[in-house]
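Read the figures in this text as sums done on the coordinates, not as results from a lab. Bear in mind the structure is a predicted one, so any value in this text is a computation, not a measurement. FYI the Cβ positions are ideal-geometry reconstructions off the backbone, even for glycines, and counts take in every protein chain you see.
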Amino acid sequence: MTGGQHVDGELTRGWAVWTEPYEGPANTLHGGFVAAAFDDLMGFAQVASGTAGYTGTLAASSEIDELAWFRYADRPQVPPVDQLLFDDLHAAGQLR
């Protein structure tokens, strides 16, 4: 995928070109990629406006028993695949 986004006066504009690997059914774009692109553009526009915000509130639900914030010291409490992610984030200085 190639694409970009920029601020044009009061407008935030974005564009993208997807190729075959991003297809859903033949000759159609998979909806997950469309949703991700809009999410990225909306986040960019929100930052460009100078008024960052959020669209909801995190809360436990029927699928999620509880919410918790983790630090690198909590690494042993998460599944192995998440431990790999913790390692990468910690090495990049993004998780203390």
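Couple of notes before you dig in:
- The chain - charge dipole about Cα centre, Lys and Arg +1 at Cβ, Asp and Glu -1, debye rounded to 20: 260
- Degrees between helix 80-91 axis and first principal axis of the chain (Cα, 0 to 90, nearest 10): 80
- Over the chain, DSSP H runs of length four or greater, each weighted -39,500 (n - 2.57), average out per residue to a 222 nm ellipticity of -10500 deg cm²/dmol.
- The chain: C-alpha gyration tensor shape, a/c 1.5 cut-off, then a/b vs b/c: prolate
- Note on ARG75, ARG13, ARG96: ascending count of other Cβ atoms within 10 Å places them as ARG96, ARG13, ARG75, the fewest first.
- Of the GluC sites (Glu not before Pro) found in segment 9-89, those in coil by DSSP whose Cβ has at most 10 other Cβ atoms within 10 Å are GLU10, GLU63, GLU66.
- The tail of the calculated P(r) for segment 2-49 beyond 15 Å holds 48 percent of all Cα-Cα pairs.
- Among the chymotrypsin sites (Phe, Trp or Tyr not before Pro) within segment 23-56, those in coil by DSSP and having at most 13 neighbouring Cβ atoms inside 10 Å are TYR54.
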